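Everything on this sheet refers to the single structure shown next.
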Amino acid sequence: MTSLLEHFRFEASFSDSLKGDTDLDSDTRRMLDKTSDLFIGHIPHVRAMNMTVEHLDADGVTMVLPYSRDLIGDPETGRLHGGAVTTLIDSVAGLAVLAAMPDPGPIATLDLRIDYLRPARPGVSLRAHANCFRLARQIAFVRANAYHDDLSDAIAAAQASFVIKGYGGGLQADGGSN
Amino acid sequence: LSLLELVDRCRRRADPQLLVTEIPYARFLGIRTSVSDGGLLTVLEFRDSNIGNPAVPALHGGVVGALLETAAILELLWEHESEVVPKIINITVDYLRPAGPRDTYAKALITKQGRRIANVSVQAWQGDASKVIATADCHFLLPGGAPDTG
């Protein structure tokens, strides 16, 4: 996802449609907004699922996945497929790592675990919030939750780790799929 | 047509693809499945819309996770008589190599099938089956089942 980030500084256009904390300095806010615009605008699968970024700052990211019949896993109940939840969580977790990096660069998902705490309600959009709770030089660690309205009433709880690929410490070049 | 009847019909025709066409999300991603070596071989056709990193390019990690989970669910439906779609309890995905812009294959192995819980592990690869690109371990709840006795 992040070679995008390598060129985001050179992007001429800038959208202010995404609002985060206002107490950030304007350069930081601009960088985060641009990261989020590129993430949404340039990743085909994020667009295909109509995901949007609702909030983004260095402390965490919230994304929204609108309900769609295309995402149904069980036609009898109309419930979302777990894979759609996985995709939302992988996206929000990756973006949380980028948002936490002082100088965003290429990252790749190393592993992702998701616990499904309760069924998602059919017909209702899903939100996910992610926080990068430890950013080391080579690896980033993220927690994420998916929910409808209330973050404390989560539908899924996840933990993921990411390889920071720009680090020159001898990591394999082909770290992951994302 | 109930799910049980559908599975029955698929088995009689030795064609599990009908199960996939009943899952809207599997159609959305471009997943198909066929019988192979006694189990199922599930394929995620390459589509531009499944790209998660246009620079590499690579498939979205979530799509790879979705393929692994779908392969596990289809294997459970195919191998065991379940009247409802198994419910996922949790999934752990390990990403081993980038998933390039090509077809991706997945094969699931039911490690243990209890009355209530099933453990399934899945591997995915692309051109070379020995170069696994991702693995998943999943637990499913088989609704309506009696409590496990161990």
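Readers should treat all values here as calculations from the given coordinates under stated rules, not as data from a laboratory. No experiment lies behind these values; they were computed from the predicted model shown.
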- prompt: Which angle between 0 and 90 degrees, to the nearest 10, do you get for helix B:61-79 versus the longest principal axis of chain B when only C-alpha atoms count?
  reply: 30 degrees
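Run lengths n ≥ 4 of DSSP H only: what is the helix-derived mean residue ellipticity at 222 nm for the protein assembly as shown, with -39500 (n - 2.57) per run over all residues, to the nearest 500?
Values: 8 runs with 86 residues, N = 328.
Theoretical 222 nm ellipticity from helices: -8000 deg cm²/dmol.
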- prompt: In degrees between 0 and 90, to the nearest 10, how far off the longest principal axis of chain B does helix B:3-12 point, with axes built from Cα atoms?
  reply: 80 degrees
